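Before any comments, here is the structure.
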Amino acid sequence: MSTIEAQYIARTPNSAAMGPRAQKVMPAGDTRAAGYHTPYPLTIASAQGVTLTDIDGNEYLDLSNNFTSLLHGHAYKPIVDAVSRVIGAGTAWPARNNTQVELAELICERVPSIDLVRFCNSGSEANMLALHVARTHTGRQKILMAQFGYHGSHEAFEAGYFGNTGDKAWPHTIVAPWGDAAAFEAILAEQGDEIAAVFLEGAMGASGLVQAPTEFFQRVIDATHRAGAVFVLDEVITLRLSTGGHQVNLGITPDLTTLGKIIGGGYPVGAVGGRADLMSLLDPTRGRIFHSGTFNGNPVTTAAGVVSYGHLTSDAVTRMATQAERLERHLADSAAKVGLPFSCRRVGSLLNMYFSDALPAASLTRDDSETMRLVHLAGMNHGLYFASRGLVVLSTIMTDEHITEMCSRFDAVFADVAVEAAV
Ligand SMILES: Cc1ncc(COP(=O)(O)O)c(C=O)c1O
């Protein structure tokens, strides 16, 4: 066992002890694949601002922000206040509420392609609902998505995430390489009359923050429309990249947009928005799709969401991106000083680290897995919590001093990993 792993185990005895107990009642003792890692994940006790605390009392500067969903860190006072006002008045009501309408107005005002919006409870649900709308509109079954794209936990999308091969193949899913407009065009030209929808992320999230230029998106949108299919842009992660979503940065107009994470301010949320004629399929007075959900647009989530999304200003977007750029530069210098190969992809306030000289293509596999595993564990040993795939996520409450602190902790992490690699 590496020294880094031994240190992790020594610091987290209560999290270790939680493992066997949790494994008796949950597969691998966890309830979320993305958060699982070896030898075992932490058990979190509380969080405040930029800090996570585990059940052993260790504190971490939280660079995961719950996988991009906490735009303003933990227990952001304006959100706590908004939610507290609601909680005393009941949390689940059987009809429309005020903040639901406010959040819908905010989304429709800010995201230019969204005429009407429908809420649900997760980004996965939002993509399933968008697919339902597209299938109903076109009368077709198939979806086309980027290979290794991530649109949540549903077989059709999961198949694409794993490349749609072997036991992960799904009959209605077709994949094409991210960024390859000609491949999308060829598939749409040949099989377009069977394809209901084309799904793309604003920038690939789970597969390493890979971007694509406007030209790629526009060619795919045009080919989708030639085929009579629906173009869905998944902005579950990328909404934070401008006040109106990454579609504003790219200058594109999707038919439908799926949202989640930051529009719930830390509470479960999802939404589909888009062209009025498509969204009207969800109108119960016309009766084509019966879309319901006990907690859709509930007052807690929407009260939090109005504050969370409302506080995403252009200034905040720019400031976070500037801080992330500074961090990225520091990480590259710091790794070079101790002789660790390093490369990085950054999109605004998000960055993904790689410990290889060249950036890999959009993919689930990487050739630096062992180094990445050590960096992840050493990160926690030095009080930094980030996703095991090397994703670092900034929030609006991070100050320049927090970035300086991160930089010095990463120096210590990289130094430990360089020693281990030399052994
Ligand atoms: C691009 C994208 N789409 C959809 C989802 C699924 O959202 P949720 O985890 O809320 O179901 C995620 C989650 O990380 C995501 O990154």
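Tell me, yes or no, whether region 4-18 has at least one residue that is at positive phi and either within 16 Å of the ligand (Cβ to nearest atom) or surrounded by fewer than 18 Cβ atoms within 10 Å (Cβ to Cβ) (or both). No, there is no match, as no residue in region 4-18 is at positive phi and either within 16 Å of the ligand (Cβ to nearest atom) or surrounded by fewer than 18 Cβ atoms within 10 Å (Cβ to Cβ) (or both). For region 271-280, filtered to residues that are surrounded by 24 or more Cβ atoms within 10 Å (Cβ to Cβ) and more than 12 Å from A134 (Cβ to Cβ), the residue that is farthest from the ligand (Cβ to nearest atom) is G273. For region 120-133, a residue qualifies if it is within 15 Å of the ligand (Cβ to nearest atom) and either outside the structural domain of G265 (by TED's automatic domain parsing) or among the hydrophobic types (A, V, I, L, M, F, W, C) (or both), and the qualifying residues are C120, A126, M128, L129, A130, L131.
Consider region 246-270 and keep the residues that are closer than 15 Å to L106 by Cα and out of contact with any strand residue (DSSP E or B) (no Cβ under 7 Å at 6 or more places or on another chain). The one that is farthest from the ligand (Cβ to nearest atom) is G265.
Scanning region 134-158 for residues that are more than 22 Å from F216 (Cα to Cα) and either in a loop (DSSP other than H, G, I, E, B) or within 16 Å of the ligand (Cβ to nearest atom) (or both) gives G139, R140, Q141, G152, S153, H154, E155, A156, E158.
Checking each residue in region 199-218 for being under 19 Å from the mean Cα position of the chain (by Cα), of a type outside the set (S, T, Y) and on the phi < 0 side of the Ramachandran plot picks out F199, L200, E201, G202, A203, M204, G205, A206, V210, Q211, A212. On the basis of being under 18 Å from the mean Cα position of the chain (by Cα), at pLDDT 95 or above and away from the ligand (no atom under 16 Å from the Cβ), does T238 make the cut? Criteria not met by T238. From the list A22, A16, the lone residue that is touching a Phe, Trp or Tyr at 6+ places or on another chain (Cβ under 8 Å), over 28 Å from V300 (Cα atoms) and among the hydrophobic types (A, V, I, L, M, F, W, C) is A16. Every condition in (1) modelled with pLDDT under 95; (2) more than 14 Å from the ligand (Cβ to nearest atom) is met by G205 except one, and the failing one is (2).
Residues are listed down the side, and each one gets a yes or a no for (1) free of Cβ contacts under 8 Å to residues at least 12 places away in the same chain; (2) closer than 30 Å to A146 by Cα:
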position: R275; (1), (2): no, yes
position: R286; (1), (2): yes, no
position: N298; (1), (2): no, no
position: V306; (1), (2): no, no
position: F342; (1), (2): no, yes
position: N352; (1), (2): no, yes
position: S356; (1), (2): no, yes
position: A378; (1), (2): no, no
position: G383; (1), (2): no, no
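Candidates I252, I263: the one that is among the β-branched types (V, I, T) and assigned to a loop (DSSP other than H, G, I, E, B) is I252. Of the residues making up region 48-88, those that are farther than 15 Å from H311 by Cβ, in a loop (DSSP other than H, G, I, E, B) and either among the β-branched types (V, I, T) or touching a residue at least 60 places away in the same chain (Cβ under 8 Å) (or both) are V50, I55, N58, L63, S64. Restricting region 193-205 to residues that are surrounded by 19 or more Cβ atoms within 10 Å (Cβ to Cβ) and out of contact with any His (no Cβ under 7 Å at 6 or more places or on another chain), the residue that is nearest to A34 (Cα to Cα) is G205.
The values are calculated or read from the model by the stated rules, or taken from the named source; none is laboratory data. All figures in this text were calculated on a predicted structure; none of them were measured in a lab. Please note: Cβ atoms are built from the backbone with ideal geometry, for glycine as well, and neighbour counts cover all protein chains shown.
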